[in-house]
Structure formats: structure tokens, C-alpha cells
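The values are calculated or read from the model by the stated rules, or taken from the named source; none is laboratory data. Keep in mind that this is a model prediction, so the values were computed, not measured. All Cβ positions, glycine included, derive from the backbone under ideal geometry; neighbour counts span all protein chains shown.
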């Protein structure tokens, strides 16, 4: 997707008109939400409520412990909801409709509400009636901050904190190569607007439980290298998590700990939960976009940060698929 300022401005105007016609929104994001997803939902909820729009943020599961501080009142988790009072569905940070967190036994195709889709994933399927997709934004919260500024919507300190939360998490604390000058300007504006940057950094980077440290030790002891050390991957199983006293949520960002190894270009976390295998992929090299690997595995994401989910395969089969796909990419 190539950025076209005129197209982007048109999409933003459409979104502005869409919001003007709403009185009661259901706001959701993708399954197993990360910091950008949660920050987007909570920031949008706060800003839109202050504009007089009733909003119900919906998550398929409670936010992880590290994010409880940012959770807003009225957040609905994993329960059926009467959709009749709503006049719109706002979907944030979700690349396709199949990954949306929706009430139990609900499919996107069954929901007739007008839908606004705001996201920064390059492979977004544009499933909304209105779509604002801006892959140049480091995070969906950065995109929302831009949009709220164009709309003239005031951003409270609470919303600013949620926005910078997503920005910090999707840039790895401003370490990843999606960080741009616009990202820093956005962060500065949010801090000037009252964002509690210190709280975000403390809760996200200086607050690790001992169980996670044990898990990190086990992961580093069992790293698997391939292709002359250009590729490293590790596997997480329920048994390993249990031995360390850790949870699957704690392990979400382990890949960013491993990717710093000198000489490594591609990193992957393979995680098994019951009959589900999840792949989380990162590339350090812009010439080695791992999004195509994620697509082969049935997933998506960004050019250099992507993931996929498969069911009914063994860990050995998952690793074999992974090695084949990475090998093809590195051989070019």
C-alpha cells in the first residue's frame, strides 16, 4: 500500500462524517489484544464519550494484568451483548474481520451495524463501510491521535495516556524501525497534553514478575538457530509455562527480548495452546519482509512484524513449515 495524502485526507473526512452521525458505538479490536489494540480502544472510548457519543468497549477477554490500570469503566468482556441499542461498530487495529473480538456466537457477517475500520496494518482487508488505513503510522494510536487532531476532538490526559501506551508498545519503546519523526512529534504532543509517560514506561518495562524472568532463562537456554545464525526461534508449550509458573500473556513480548541477538535477522516464537499453534515473526532486515511468511501460514500483520495461527498441527510440523518458509526467503 502506497501512501496517498489525498486519499488519506478523503478517508479521514469520511470517518469524521461517520462519527457525526453516531450516538451509541460498540468499539472492538482484534483477539488477544496487545498494547496498541487496548490503547486504541480505551483512547477512542474516552474521546468519543467526551463528544457525547455513548461507547461500549468490548474485549473477548479481560485485559492482561499489566493493562488493568488503563481499562475504562463499562468495558464488556467475553459476554453476549444486545446489539439493538448500537448504531455503529468501530473496529480498531484489526487487519481483517476474522480476527475481530466479537460477542460469543457472533460473526462479522451477521452484524448489520455500519462499520468504521481504523488501522495501520499494511494488509488490512478494508472490511468497513468506512476505512482509514495508514500503514505509515507506527501504531493505530498514532493514527487516532492524528485523526482526533484533524477532527478537533479534545484529548484528555486519560486518553493521551492510552494513546502513548499504544505508541510505546508498537515501537518497542521507540526502538523499532517503524519509529519516525512523526512518531516522536506525536509522543511529545501527547506528553504535553497530559499523558503519563512515566507510568506507561514503568508498568510496561520495569514491572516484570519473577515467573517471567524464569521463563526468559528457559527460553534462552533452548534457543534454536538455523541458516548460519541468521534465524533464531523458540517454542513455548503449556508444560514450559507451568514449570516456570508463567502465563501465556506474560510470554507475548518474549520475541522482542530474543531479537536483539547479534547477527540474527529473523526471529520467531512458536506457541502451542491446546490444538492451536501461534507464530509470531520479526525481521531486522527491511530486505527480508516476513509478512509473506505469515501469509503462507494463514496470518498477516506488518512487513517486518507479523503472525499467524494454525490448528491441528504438531510442534514438529509447525517448526518444519517455519524452517521451509524462512529458508526460501533467506535464499533469495
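The residues of segment 242-260 that are more than 12 Å from residue 216 (Cβ to Cβ) and modelled with pLDDT of 95 or more, listed by number, are 242, 243, 245. Residue 159: in a helix (DSSP H, G or I), touching a residue at least 12 places away in the same chain (Cβ under 8 Å) and either at positive phi or surrounded by fewer than 24 Cβ atoms within 10 Å (Cβ to Cβ) (or both), yes or no? No; evaluated as a whole, the condition is false for this residue. At pLDDT below 95 and more than 20 Å from residue 34 (Cα to Cα), is that true of residue 110? Yes: the conditions hold for residue 110.
I'm checking my understanding of the structure. Among residues of segment 68-86 that are in contact (Cβ under 8 Å) with a residue 60 or more places away in the chain and farther than 21 Å from residue 119 by Cβ, which one is surrounded by the most Cβ atoms within 10 Å (Cβ to Cβ)? Among residues in segment 68-86 that are in contact (Cβ under 8 Å) with a residue 60 or more places away in the chain and farther than 21 Å from residue 119 by Cβ, the one surrounded by the most Cβ atoms within 10 Å (Cβ to Cβ) is 69.
Applying the set (1) in contact (Cβ under 8 Å) with a residue 40 or more places away in the chain; (2) in contact with a helix residue (DSSP H, G or I) (Cβ under 6 Å, 6 or more places away or on another chain); (3) in a helix (DSSP H, G or I) to residue 191 leaves exactly one unmet item: (1).
Meeting the requirement of 3 or more residues that are closer than 22 Å to residue 33 by Cα, the helices (runs of 4 or more DSSP H) wholly within segment 248-332 are 254-258, 291-296. The residues of segment 225-237 that are surrounded by 14 or more Cβ atoms within 10 Å (Cβ to Cβ) and either without any contact (Cβ under 8 Å) to a residue 12 or more places away in the chain or under 13 Å from residue 269 (Cβ atoms) (or both), listed by number, are 231, 232, 233, 234, 235, 236.
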